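The values are calculated or read from the model by the stated rules, or taken from the named source; none is laboratory data. Here the structure is a predicted model, which means the values were calculated and not measured. Virtual Cβ from ideal backbone geometry, glycine too; neighbours counted across all protein chains shown. For accessibility, only protein heavy atoms count, side chains too; no ligands or nucleic acids. Shrake-Rupley method; radii C 1.70, N 1.55, O 1.52, S 1.80 Å.
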Amino acid sequence: MRTRDFSACEPPQAHVGSMFLGQNEYRTPQAMAGQLLRWPPLARRLKSSQGYLWHRSYLRFPRGIGLIVCFDSRESLMEFAKTPEHHAIMHWLVGTDADSESHSADASRAPAKAGFIRILEADPVGYANGAWRADRPDLQMIRRWEAQRAEDIPPGTLPAALRRTVTGVGALRRTVRSMLPGPLGR
């Protein structure tokens, strides 16, 4: 049910205040391997940082490595960004000398040829259900839809152009299953 209290939720992701989403595209497979060799010290610092909750890395074929990191607040995320381990890997990625004051990248030395970072903030209001509800362990459907913002459109009132793009749960389920390996994909 709609709540601001996620204290009963077990998954760390339910307690996110701020999320880092980023990815780098590497020039070569060797550069990707260099990232993997530099990751352990950064991961240790990340996991020991105040406010750290959870992270996952992802691969974007053929030469992209991405990272999703959840912190309890934007302040905690920004404090991690100031650590020496984070600075070292950022200097390596863009080809600058970590010991100099220069911030000009040398593209010929940079293992990354592109990258992005997005910082996402959690809305304080969300939904929790069943055993993860802080007020009582009821598992139930939401009885009445409530707008989160003034511009929100209630269900069932989607514009005709948008309604035509909806193909239904069955089509979505078939599409997802077709992408799954083995018995899950049947």
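For beta carbons closer than 9 Å, sequence separation of 6+ or different chains, a first residue in region 69-97 that is within 15 Å of ASN24 (Cβ to Cβ) and a second that is charged (D, E, K, R) and in a loop (DSSP other than H, G, I, E, B), the qualifying pairs are HIS91/ASP97; HIS91/ASP99; VAL94/ASP106; VAL94/ARG109; GLY95/ASP106; GLY95/ARG109; THR96/ASP106; THR96/ARG109.
One residue alone among ALA114, ALA110 is of a type in the set (A, V, I, L, M), touching a residue at least 40 places away in the same chain (Cβ under 8 Å) and not in a strand (DSSP E or B), and that residue is ALA110. Only a single item in (1) under 29 Å from GLY126 (Cβ atoms); (2) at pLDDT 95 or above is not met by LEU42, and it is number (1). Looking across region 60-83, just one residue is in contact with a helix residue (DSSP H, G or I) (Cβ under 9 Å, 6 or more places away or on another chain), open to solvent by 70 Å² or more (accessible area, probe 1.4 Å) and at pLDDT 95 or above, and that is ASP72.
Looking only at residues of region 36-87 that are closer than 19 Å to PRO12 by Cβ and of a type in the set (Phe, Trp, Tyr), we find that the one that is farthest from the chain's Cα centre (by Cα) is PHE80. Taken over region 124-143, residues that are in contact (Cβ under 8 Å) with a residue 12 or more places away in the chain and of a type outside the set (Phe, Trp, Tyr) amount to 12.
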